[in-house]
1. Can you list residue pairs whose Cβ atoms sit under 7 Å apart, with the first residue in segment 125-142 being within 10 Å of K158 (Cα to Cα) and the second being hydroxyl-bearing (S, T, Y) and surrounded by 13 or more Cβ atoms within 10 Å (Cβ to Cβ)? Count only pairs 6 or more apart in sequence or on different chains.
2. Could you go through segment 151-161 and let me know if any residue there is assigned to a strand (DSSP E or B), at pLDDT 95 or above, small (G, A, S) and touching a strand residue (DSSP E or B) at 6+ places or on another chain (Cβ under 8 Å).
3. Restricting the search to segment 72-87, which residues are surrounded by 11 or more Cβ atoms within 10 Å (Cβ to Cβ) and either of a type in the set (A, V, I, L, M) or in a helix (DSSP H, G or I) (or both)?
4. What are the residues in segment 57-92 that are more than 22 Å from E140 (Cβ to Cβ) and touching a helix residue (DSSP H, G or I) at 6+ places or on another chain (Cβ under 8 Å), if any?
5. Any chance segment 95-110 includes a residue that's within 17 Å of Y145 (Cβ to Cβ), surrounded by 10 or more Cβ atoms within 10 Å (Cβ to Cβ), touching a Pro at 6+ places or on another chain (Cβ under 8 Å) and touching a residue at least 12 places away in the same chain (Cβ under 8 Å)?
6. For segment 51-63, which residues satisfy the criterion of being in a helix (DSSP H, G or I) and modelled with pLDDT under 80?
7. Quick test of your reading of the structure: L51 fulfils all but one of (1) surrounded by 10 or more Cβ atoms within 10 Å (Cβ to Cβ); (2) of a type in the set (A, V, I, L, M); (3) within 19 Å of K102 (Cα to Cα). Name the failing condition by number.
8. Applying the selection to segment 111-136, what residues are assigned to a loop (DSSP other than H, G, I, E, B) and either touching a Pro at 6+ places or on another chain (Cβ under 7 Å) or of a type in the set (S, T, Y) (or both)?
Amino acid sequence: MMAEVKNEMENLKTELEELKKKTEDYLSGWKRAKADYLNFKKDTEKQHLELLHFANVALIIQFLPIFDHFKLALSHIPEEEKGAEWVKGFFHIQKQFVDFFKNLGIEEIKTIGEKFNPEFHEAVSHEEKPDFAPDVIFEEATRGYTLHGKVLKPAKVKVAK
């Protein structure tokens, strides 16, 4: 009878160890699944945010030339007229445009005096310019813009040789 009890005890100990091992396996599997789910959730939220940022790109791209032409028109206002109230109103509209674009994450690409970077700039010419170091931008042909750091439209520039 004692031998049977000892056998039963050994069987129960073995079964308990197996069950402990299974519970540890299940727990570690659950932890991995939870971590995978949290990573998936974070990636999905990031993609959703990116989609929101870039959902209106087509519309924004159509506004940029209008803004560029507006700034060009402002640059042609004679100096003696710049103090007039109606002109101040146009400069106020320009500031509203700039603030609007800034709130959307749109920024102008820096050009003049910057080193040429093919990720942000498109060279329309290379010319000898003694006042500028080689590969430095000396003139901007058209403005370029980024949206949250990604290029919407590269700046077209003239680069010193």
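The values are calculated or read from the model by the stated rules, or taken from the named source; none is laboratory data. As the structure is a prediction and not an experimental result, all values here were calculated from the model. Note that we place each Cβ from the backbone using ideal geometry, even for glycine, and neighbour counts take in every protein chain shown.
1. From segment 125-142, the pairs are I137/T111; E140/T111.
2. There is at least one residue in segment 151-161 that is assigned to a strand (DSSP E or B), at pLDDT 95 or above, small (G, A, S) and touching a strand residue (DSSP E or B) at 6+ places or on another chain (Cβ under 8 Å).
3. A73, L74, I77, A84, V87
4. E81, V87
5. Yes.
6. L52, H53, F54
7. (1)
8. T111, F120
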